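The next block holds one structure in the form of structure tokens; read it before the comments.
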Amino acid sequence: MGEKRIKKGLKKGFAFGYFLLFGIFLYASAFAQTFTLTVAPYEGGYDLRYGKVNYISERANKEVNINITSDIAKQYRLVQTLLEPLSTAEGVRIPQNNFVVYGIRGTNRFGTLNVEQEMPVSLARQVLYTSNDAGVADSFTLVYGLIISSKVAPGSYRGRIAFALEPIESTQSSVTVILNIFAEIEVESSVEISTEAGSKNIFLKFDPKEPRPANILVAIKGGFGRQFKISQLLSEQPVSNEGKLLDWSAVNLVGSGAQKGAVVNTVMPFSARQDVIYNSSSFGEADTFQIAYNLVDLPQVVAGRYKTSIKYFLEGAFVAQQNLIDTLYLEIEYPPVFNLIVTPEFGGAIQFRDLRAQQPPRTNEVVLKINSNLGRRYQVSQKIPSLFTNREGKAIPTRYFTLKEESLNTKGILKYPHKTEVSLGEMVLFISDDTGSSDSFKVIYELTTPVDLQAGDYLTNITYSIAEI
């Protein structure tokens, strides 16, 4: 009987304890305080995803809904901290000013939205919202803007923001929510190269009186986010239809007009190398510039049409290897030149005035300059049809009239380097070198007066000519 009473008493004790604990639980539940935070992108999900964005879009905005539930009857605030800046796996970061936040005015009901003005998302603590004094629950919408510029390199970016719901003057524990951010920055950039006429053909024609460059225009659109350079490479040395090569130094170039990067600004001749003509800014920003191609007056250039092509390459930026931007076709024309310049000009006649017997010999110097780019041998001749004669018809015999030629760094052959009697009719004075180079030389004419000379003015006609051999 005693054991039964003990067991019965234990059962009653257990029952009483159970009901006592259950009652305490119900009492605590009735007076439990709620202090929670939810952070949800407007488009759904648990992460803030920008997807694929490019430089053309310039900016991408994403809304985030904030819901705060609180019955602690104490003022609170919402603080954000950028735990991990938006970065690629290689460590490239989006500049701080390119990731911003602001709150949409009027989406909150009771407290104060502290970010109604846009501000960069910072690694420091930023108070986004402060409740009213009573700490009433509230909700509002934040907008996170990703500003795409040439300072933002392409790539896959990710980051994290921590939102901390903090009570003010309360022992209530803080609540923290982490929001992951993802963005894929794409390159929608391009480099366009064309002539001023918009074609792909560059034409240069040599004109010593009025040199005219051929300009190409380069437009860098969209920016690349990283430094890059543009180089040019000739496919071959300019060559004529006859197979003659144009010297590299016959064409040079100089750039101008770049605002962001640095274009070649000193005269640079063509070469067989791949030459850099432009270096971008460190952020590879959009830019425009022009390149002027000029012909040089080289004496050894042979007349003709020379052709080649110029390839333009993009190096650096997001490309692992150099990329061909475009190819322009270059045609260079050197028109035929074959002329003779006589100095001084005397109108085709040599005249000696007031000649008298027994006077010292009279001389007359003539410089002959030949311009030729035909690339073929030629000769210079003179033709004297008659003797020196005065108005009365009195003539001086040819034995009294001589010529001698002098070199002026002459490359060709002088036929009369020593004093020689002038013959009536045609005399070949000079023969060019084998390549028909431009050249020059001097002719010194000397007239001696006979002892029986009739005083007066004496004149003869003389003409010079050049001809290919």
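Summary table
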{"quantity": "Those residues of segment 35-87 which are farther than 27 Å from Val152 by Cβ, of a type outside the set (A, V, I, L, M, F, W, C) and out of contact with any Phe, Trp or Tyr (no Cβ under 7 Å at 6 or more places or on another chain), in sequence order", "calculated": "Thr36, Thr38, Asn67, Thr69, Asp71, Lys74, Gln75, Tyr76"}
{"quantity": "Flag if Gly347 is assigned to a loop (DSSP other than H, G, I, E, B), surrounded by 17 or more Cβ atoms within 10 Å (Cβ to Cβ), under 59 Å from the mean Cα position of the chain (by Cα) and not aromatic (Phe, Trp, Tyr)", "calculated": "no"}
{"quantity": "Answer residue from segment 410-464, given it is within 51 Å of the chain's Cα centre (by Cα) and of a type in the set (S, T, N, Q) and is nearest to Lys369 (Cα to Cα) among those", "calculated": "Ser440"}
{"quantity": "Residues of segment 145-167 that turn out to be over 35 Å from the mean Cα position of the chain (by Cα) and within 18 Å of Val64 (Cα to Cα), as a count", "calculated": "6"}
{"quantity": "Qualifying residues in segment 148-178 (those that are buried (at least 20 other Cβ atoms within 10 Å of the Cβ) and touching an Asp or Glu at 6+ places or on another chain (Cβ under 7 Å)) - the one modelled with the lowest pLDDT", "calculated": "Ser150"}
{"quantity": "Strands (runs of 3 or more DSSP E) lying entirely in segment 112-197 (those with 2 or more residues that are in contact with a Gly (Cβ under 7 Å, 6 or more places away or on another chain))", "calculated": "126-130, 138-147, 175-186"}
{"quantity": "Every residue from segment 421-469 that is aliphatic (A, V, I, L, M) and outside any loop (DSSP other than H, G, I, E, B)", "calculated": "Met427, Val428, Leu429, Ile431, Val443, Ile444, Leu447, Leu459, Ile466, Ala467"}
{"quantity": "Residue that is under 25 Å from Asp354 (Cβ atoms), surrounded by 13 or more Cβ atoms within 10 Å (Cβ to Cβ) and touching a Phe, Trp or Tyr at 6+ places or on another chain (Cβ under 7 Å), where the choices are Leu387, Leu447, Leu453", "calculated": "Leu447"}
{"quantity": "Given (1) of a type in the set (Lys, Arg); (2) out of contact with any Leu (no Cβ under 9 Å at 6 or more places or on another chain); (3) closer than 30 Å to Lys260 by Cβ, index of the condition Arg125 fails", "calculated": "(3)"}
{"quantity": "Residues being closer than 20 Å to Leu414 by Cα and surrounded by 14 or more Cβ atoms within 10 Å (Cβ to Cβ) - total across segment 350-372", "calculated": "8"}
{"quantity": "Sole exception among (1) surrounded by fewer than 16 Cβ atoms within 10 Å (Cβ to Cβ); (2) touching a Leu at 6+ places or on another chain (Cβ under 8 Å) for Glu118, by number", "calculated": "(2)"}
{"quantity": "Gly375 vs. criteria modelled with pLDDT under 95 and not assigned by TED's automatic domain parsing to the domain that holds Leu298", "calculated": "yes"}
{"quantity": "Test: residue in segment 271-288 that is at pLDDT 95 or above, closer than 28 Å to Gly375 by Cβ and buried (at least 18 other Cβ atoms within 10 Å of the Cβ)", "calculated": "no"}
{"quantity": "Identity of the residue in segment 79-94, touching a strand residue (DSSP E or B) at 6+ places or on another chain (Cβ under 9 Å) and part of a loop (DSSP other than H, G, I, E, B), that ends up nearest to Tyr42 (Cα to Cα)", "calculated": "Ile94"}
{"quantity": "Any chance Asn114 is over 18 Å from Asn61 (Cα atoms) and not charged (D, E, K, R)", "calculated": "yes"}
{"quantity": "Considering residues of segment 289-308 that are out of contact with any Gly (no Cβ under 6 Å at 6 or more places or on another chain) and aliphatic (A, V, I, L, M) only, the residue surrounded by the most Cβ atoms within 10 Å (Cβ to Cβ)", "calculated": "Leu295"}
{"quantity": "Residue match in segment 380-387 (condition: in contact (Cβ under 8 Å) with a residue 60 or more places away in the chain and among the small types (Gly, Ala, Ser))", "calculated": "yes"}
{"quantity": "Selection count where residues are touching a residue at least 24 places away in the same chain (Cβ under 8 Å) and part of a strand (DSSP E or B), scope segment 408-420", "calculated": "1"}
{"quantity": "Checking Glu405 against (1) in a strand (DSSP E or B); (2) of a type outside the set (A, V, I, L, M); (3) within 30 Å of Gly243 (Cβ to Cβ), the condition it does not meet", "calculated": "(3)"}
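Listed here are the residues, each with its yes/no results for (1) in the same structural domain as Leu204 (by TED's automatic domain parsing); (2) of a type outside the set (Val, Ile, Thr); (3) at pLDDT 95 or above.
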residue	(1), (2), (3)
Val296	yes, no, no
Gln300	yes, yes, no
Ala317	yes, yes, no
Asn323	yes, yes, no
Glu345	no, yes, no
Val366	no, no, yes
Lys383	no, yes, yes
Arg391	no, yes, no
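The values are calculated or read from the model by the stated rules, or taken from the named source; none is laboratory data. As the structure is a prediction and not an experimental result, all values here were calculated from the model. When we count neighbours, we look across all protein chains shown, and the Cβ atoms used for this are built from the backbone with ideal geometry, even at glycine.
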